[in-house]
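Encoded as structure tokens, the structure appears first; notes follow it.
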Amino acid sequence: MAHVPSNIILLLFLLVSFHVNVIAEEDEANIIKPGSSLYAGKQPSSWASPSGNFEFGFYRQGEGYAAGIWLVGRPENTIVWTAKRDDPPVSSNATLEFTRQGVLLLRTEDGVGNVIANLSGVQFVDSASLLDTGNLVLYENRSVVWESFDIPTDTILGCQNLSLDSELISSVSSSNHSTGHYHLLLKSDGLVANLNISSAAAYEYWVSPNGFSSPVLNLNESGVLALSSSQNFDQENVLANGSTTGNETMIIYRATLDHDGVFRLYSHQLESNTMSNKWQNLDDECEVPGRCGLNSYCSTSRGNDTECYCYPGFIFIDENAKFLGCSQNFTVDGCETKRDVVIHHNSTTLDNMSWAGNLYSVKRNLEREDCKKACEDDCSCGGALYTPNHCSMYSLPLKYGRKHVSITTTAFIKLIPGRSTISPPPETSPNQSLILTMGLSLGSVASLCFVIAICSFLLYRHRVQSYEKLLDSKSSGFAEQFTLRSFTLNELDEATQGFQDELGKGSFGAVYKGTLPGDGKSIAVKRLGMVKEGERDQFRTEMTAIGRNNHRNLVRLLGFCVEGSRKFLVYEYMSNGSLADFLFNRNERPVWKQRARIALDVAKGILYLHEECEVSIIHCNIKPCNILLDDSLTAKISDFGLAKLLRPNQRSSTSGTAWYPAPEWQNSALLSVKVDVYSFGVILLEIICCRRNIEVEGRSADEILLSTFVYNCFVGGELNKLVEGEEEVDMKMVERFVKVGLWCIQDDPNLRPLVKNVILMLEGTMNVPIPPSPSLPHVTN
């Protein structure tokens with residue numbers, strides 16, 4: 001071998017050493033050492049991957065912050081993973097800490113620490129890093145001991161696998177990354193998408209079968225999404241190939257189960273900062289159940305654009321969030337309580353319709369018009385589906401509605417008399433649309449000329465009278481409905497005839513029945529405690545905030561009075577009294593259907609207070625005497641917002657005494673919405689059994705406490721004891737309600753479900769697991 005000069009060897013050695021040192025410095029720059037911290041409200045707020053394409057840290061969610069990983073983009077980032085996704089957003093004072101003990105911790109402003117990485121069995125974590133693949137990893141002696149790729153939320157990235165029995169769960173919306181309603185589960189027989197719960201086969205809406213004994217869902221760096229065998233990656237079933245020509249290193253792929261339930265493959269072109277949808281599992285997005293919420297349906301127009309419509313007689317809960325569904329724009333007539341009154345209904349017809357929901361009757365050998373009339377004459381029927389000689393009748397709410405030309409079923413929707421309805425335009429061909437447009441245009445011109453002539457005459461004749469009526473009117477109907485009235489003490493004294501007719505006494509004061517002069521409207525006047533000096537303006541402000549809350553399951557606040565040191569609230573009068581009277585002070589038990597409907601009403605009212613009103617409210621005092629019933633036995637919650645408007649870090653020092661307090665109430669722990677869930681759980685058991693939470697007289701030792709008695713009957717298979725002597729009781733529904741109630745009264749708040757999940761479980765759209773034994777509830781005398 002030829003002799004190599006020593007100076008050349010030395011030069012090569014120095015070059016290699018320099019290269020190694022540069023790599024080491026780059027790696028060191030992206031290694032996260034124990035003791036490092038991130039801050040929600042100031043810098044540093046995130047750690048970046050070596051390329052800078054991904055970051056881990058705090059991002060904005062609602063009015064607060066959440067912790068997660070995102071793909072950096074302009075004008076906005078794309079969230080690909082969220083830590084503790086179902087915890088409420090944290091404030092700007094929260095921190096992310098990689099402690100000196102090697103624990104990755106999300107610490108709230110109260111100092112409460114939530115461990116992000118489960119590291120059981122690991123002795124010491126000495127470093128962490130966010131890789132260029134978007135994977136957050138923790139190391140022990142350079143070995144990976146934890147990675148975010150193992151616990152995906154709604155997304156998998158290039159080089160990430162979804163293993164057997166793992167799942168993706170959609171987010172609530174594009175801006176709220178909490179757990180949503182849709183699941184994508186990799187099972188031994190295929191990849192399955194379904195609604196609400198991972199094991200509910202009844203709600204599967206998409207399946208991609210595979211022939212592998214141990215399947216893996218893999219997305220590679222080139223954008224190929226495939227099912228393959230974990231033993232042999234050469235065998236694969238390609239779902240989508242999103243690869244494109246060009247510089248693949250400048251493209252990042254992700255597969256996401258979006259909030260609308262559709263599984264999509266996206267590519268992000270880093271150079272041009274553009275995103276494109278390469279593939280999705282459904283061509284018709286209306287195939288996703290729950291796409292449009294309750295009492296509405298999904299329709300696909302030309303170009304595969306989907307739109308949500310309310311059924312006739314319903315209106316959107318929120319026009320800007322149509323996925324929330326629709327509600328009736330009238331009060332239910334309460335026909336179950338008016339059997340001696342004949343109420344004539346009519347119905348409207350929608351072709352090419354299907355839905356799911358509360359099927360309670362199937363009638364055979366009926367003609368089309370006979371099916372329509374059967375629903376109109378049936379008090380429980382909200383709508384019917386008709387196929388030749390087959391009439392299926394459903395009670396409200398109607399779920400998972402869909403309209404498509406391939407569906408041959410005809411739907412009949414019951415209408416309430418005197419209510420006009422507006423149906424969406426029918427699907428027409430282009431020629432039909434042109435003819436219809438021309439006809440409408442010509443007809444409109446002729447009609448307009450006629451209407452202008454008539455209106456001019458009527459306007460001249462009645463203008464003076466109209467202005468006089470407006471001046472005489474004290475307030476419009478709109479103002480009466482949406483503004484609070486400030487009453488004088490003399491007005492209330494006259495309305496209640498000197499506060500003579502006392503309806504009862506609650507935690508906040510006595511309640512009196514009254515009648516407003518003029519319209520004769522019945523009211524309930526609640527006398528509150530004395531107003532301290534300087535509190536009048538605060539009281540008016542809080543009453544204004546409470547008055548803005550309007551829901552069919554909340555008792556409506558009509559106005560208030562503050563004079564001197566005295567203060568009063570004026571509510572709508574509830575003719576059927578309280579739930580306590582309804583359950584406990586009757587000679588015979590109310591029928592099961594009424595009690596079940598009341599339980600759902602109460603849960604929906606609590607959901608509105610917690611999540612849907614302008615300022616979220618923890619009631620803190622839900623009990624049977626605070627739940628009132630109107631003339632159609634619709635349950636409405638009263639006294640909401642009086643304990644205290646929900647503010648950050650509210651603890652159990654809230655004034656007042658809870659009727660069914662959760663354990664954390666007496667432990668001076670941080671209060672949350674789970675306090676009301678606990679109270680609702682106790683009330684739900686009382687509704688099931690028609691007895692109070694604690695009854696001593698005539699009860700054996702194991703029957704005194706209702707929760708203990710119910711649990712013993714549940715584990716012993718003796719639920720019939722809870723509804724003994726009743727007729728027409730759906731025992732499957734009773735079992736479902738019992739399990740929900742037992743989950744709600746768990747001592748650990750983390751085990752109690754959120755109210756939105758309580759409603760889904762009560763309605764039967766979410767599976768209810770077997771509850772553990774509740775500890776002895778904390779009760780007050």
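Listed here are the residues, each with its yes/no results for (1) on the phi > 0 side of the Ramachandran plot; (2) outside the structural domain of residue 147 (by TED's automatic domain parsing); (3) touching a residue at least 60 places away in the same chain (Cβ under 8 Å); (4) within 21 Å of the chain's Cα centre (by Cα).
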{"position": "46", "(1), (2), (3), (4)": "no, no, no, no"}
{"position": "52", "(1), (2), (3), (4)": "yes, no, no, no"}
{"position": "59", "(1), (2), (3), (4)": "no, no, no, no"}
{"position": "63", "(1), (2), (3), (4)": "no, no, no, yes"}
{"position": "69", "(1), (2), (3), (4)": "no, no, yes, no"}
{"position": "76", "(1), (2), (3), (4)": "no, no, no, no"}
{"position": "89", "(1), (2), (3), (4)": "no, no, no, yes"}
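Here segment 235-280 is the region considered, the condition is being in a loop (DSSP other than H, G, I, E, B) and touching a Leu at 6+ places or on another chain (Cβ under 8 Å), and the residue that is modelled with the lowest pLDDT is 242.
Can you name the residue in segment 375-418 that is farther than 14 Å from residue 353 by Cα and among the hydroxyl-bearing types (Ser, Thr, Tyr) and, of all such residues, is surrounded by the fewest Cβ atoms within 10 Å (Cβ to Cβ)? Looking at the filtered set, the residue picked out is 380.
Between 728, 724, which is without any contact (Cβ under 8 Å) to a residue 24 or more places away in the chain and more than 25 Å from residue 675 (Cβ to Cβ)? Talk me through it step by step, then tell me what you get.
Working: 728 fails: without any contact (Cβ under 8 Å) to a residue 24 or more places away in the chain.
Only one candidate passes the filter, namely 724.
Filtered by the rule that a residue be assigned to a helix (DSSP H, G or I) and over 21 Å from residue 590 (Cβ atoms), segment 674-702 gives 674, 675, 676, 677, 678, 701, 702. Of the strands (runs of 3 or more DSSP E) lying entirely inside segment 383-453, not one contains at least 3 residues that are within 17 Å of residue 298 (Cα to Cα), of a type in the set (Gly, Ala, Ser) and at pLDDT 90 or above. In the condition set (1) within 24 Å of residue 639 (Cα to Cα); (2) modelled with pLDDT of 50 or more; (3) part of a helix (DSSP H, G or I), residue 458 is compliant with all but (1). Does at least one position in segment 57-65 carry a residue that is touching a Phe, Trp or Tyr at 6+ places or on another chain (Cβ under 8 Å), at pLDDT 95 or above and not hydroxyl-bearing (Ser, Thr, Tyr)? Yes, segment 57-65 has at least one match. Being among the hydrophobic types (A, V, I, L, M, F, W, C) and either on the phi > 0 side of the Ramachandran plot or modelled with pLDDT of 90 or more (or both) is the filter here, so list the residues in segment 337-354 that pass it. Those that are among the hydrophobic types (A, V, I, L, M, F, W, C) and either on the phi > 0 side of the Ramachandran plot or modelled with pLDDT of 90 or more (or both): 350, 353. Residues that are touching a residue at least 24 places away in the same chain (Cβ under 8 Å) and either closer than 17 Å to residue 348 by Cβ or in contact with a Lys or Arg (Cβ under 8 Å, 6 or more places away or on another chain) (or both) within segment 364-376 comprise 368, 371, 372, 375, 376, listed in sequence order. All conditions in (1) crowded, with 21+ Cβ neighbours inside 10 Å; (2) of a type outside the set (Asp, Glu); (3) over 22 Å from residue 327 (Cα atoms) hold for residue 555, with the sole exception of (3).
Of these, 700, 672, 679, 707, which one is of a type outside the set (Lys, Arg) and in contact with a Lys or Arg (Cβ under 8 Å, 6 or more places away or on another chain)?
On the way: 700 fails: in contact with a Lys or Arg (Cβ under 8 Å, 6 or more places away or on another chain); 672 fails: in contact with a Lys or Arg (Cβ under 8 Å, 6 or more places away or on another chain); 707 fails: in contact with a Lys or Arg (Cβ under 8 Å, 6 or more places away or on another chain).
Result of the check over 700, 672, 679, 707: 679.
Per-residue answers, yes or no, for (1) closer than 30 Å to residue 729 by Cβ; (2) among the charged types (D, E, K, R); (3) assigned by TED's automatic domain parsing to the domain that holds residue 691:
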residue: 583; (1), (2), (3): yes, no, yes
residue: 586; (1), (2), (3): yes, yes, yes
residue: 593; (1), (2), (3): yes, yes, yes
residue: 599; (1), (2), (3): yes, no, yes
residue: 613; (1), (2), (3): no, no, yes
residue: 621; (1), (2), (3): no, no, yes
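I want to confirm something. Restricting to segment 88-115 and keeping residues that are assigned to a loop (DSSP other than H, G, I, E, B) and at pLDDT 90 or above, which single residue is farthest from residue 35 (Cα to Cα)? Out of the qualifying residues, it is 89.
Conditions (1) of a type in the set (Asp, Glu); (2) over 26 Å from residue 627 (Cβ atoms); (3) modelled with pLDDT of 75 or more, marked per residue:
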{"position": "507", "(1), (2), (3)": "no, no, no"}
{"position": "511", "(1), (2), (3)": "no, no, yes"}
{"position": "515", "(1), (2), (3)": "no, no, yes"}
{"position": "518", "(1), (2), (3)": "no, yes, yes"}
{"position": "522", "(1), (2), (3)": "no, no, yes"}
{"position": "526", "(1), (2), (3)": "no, no, yes"}
{"position": "530", "(1), (2), (3)": "no, yes, no"}
{"position": "539", "(1), (2), (3)": "no, no, yes"}
{"position": "545", "(1), (2), (3)": "no, no, no"}
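Against the list (1) among the small types (Gly, Ala, Ser); (2) under 22 Å from residue 186 (Cβ atoms); (3) in a strand (DSSP E or B), the condition residue 68 fails is (2).
For segment 610-621, the count of residues that are of a type outside the set (Gly, Ala, Ser), surrounded by fewer than 21 Cβ atoms within 10 Å (Cβ to Cβ), modelled with pLDDT of 90 or more and in contact with a Lys or Arg (Cβ under 8 Å, 6 or more places away or on another chain) is zero. Residue pairs whose Cβ atoms lie under 8 Å apart, sitting 6 or more positions apart in sequence or on different chains, and linking a residue in segment 749-763 that is without any contact (Cβ under 8 Å) to a residue 40 or more places away in the chain to a partner that is part of a loop (DSSP other than H, G, I, E, B), are 751/772; 757/766; 761/753; 761/767; 761/768.
Across segment 641-657, which residue is modelled with the highest pLDDT among those that are out of contact with any Phe, Trp or Tyr (no Cβ under 7 Å at 6 or more places or on another chain) and of a type in the set (A, V, I, L, M)? Please lay out each step first, then the result.
Residues of segment 641-657 that are out of contact with any Phe, Trp or Tyr (no Cβ under 7 Å at 6 or more places or on another chain), as a first pass: 641, 643-651, 653-657.
Restricting the remaining residues to those that are of a type in the set (A, V, I, L, M) gives 643, 645-646.
Values: 643: 62, 645: 39, 646: 39.
Among those residues, the one meeting the criterion is 643.
Quick one: would you say residue 638 is of a type outside the set (Phe, Trp, Tyr) and either touching a Gly at 6+ places or on another chain (Cβ under 9 Å) or at pLDDT 90 or above (or both)?
Numbers: of a type outside the set (Phe, Trp, Tyr): yes; either touching a Gly at 6+ places or on another chain (Cβ under 9 Å) or at pLDDT 90 or above (or both): yes.
Answer is yes for this residue.
Results for (1) part of a helix (DSSP H, G or I); (2) hydroxyl-bearing (Ser, Thr, Tyr); (3) under 28 Å from residue 760 (Cβ atoms), shown as yes or no for each residue.
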site: 558; (1), (2), (3): no, no, no
site: 567; (1), (2), (3): no, no, no
site: 571; (1), (2), (3): no, yes, no
site: 580; (1), (2), (3): yes, no, yes
site: 588; (1), (2), (3): no, no, no
site: 595; (1), (2), (3): yes, no, yes
site: 605; (1), (2), (3): yes, no, yes
site: 608; (1), (2), (3): yes, yes, yes
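On the given criteria, is residue 513 surrounded by fewer than 19 Cβ atoms within 10 Å (Cβ to Cβ), assigned to a strand (DSSP E or B) and in the same structural domain as residue 562 (by TED's automatic domain parsing)? Yes, satisfied. For first residues located in segment 548-568 and in contact (Cβ under 8 Å) with a residue 24 or more places away in the chain and closer than 19 Å to residue 316 by Cα, partners that are outside any strand (DSSP E or B) and among the β-branched types (Val, Ile, Thr) and lie 6+ apart or on another chain with Cβ distances below 8 Å form the pairs 549/617; 552/331; 552/634; 553/602; 553/634.
Out of the residues in segment 117-139 that are under 23 Å from residue 161 (Cα atoms) and out of contact with any Ser or Thr (no Cβ under 9 Å at 6 or more places or on another chain), which is surrounded by the fewest Cβ atoms within 10 Å (Cβ to Cβ)? Only one residue fits best here, namely 120.
Only one of (1) within 30 Å of residue 86 (Cβ to Cβ); (2) of a type in the set (A, V, I, L, M, F, W, C); (3) in contact with a strand residue (DSSP E or B) (Cβ under 7 Å, 6 or more places away or on another chain) fails for residue 714. Which number is that? Only one criterion is unmet by residue 714, namely (3).
The values are calculated or read from the model by the stated rules, or taken from the named source; none is laboratory data. The model shown is predicted, which means the values in this text are computed figures rather than measured ones. Virtual Cβ from ideal backbone geometry, glycine too; neighbours counted across all protein chains shown.
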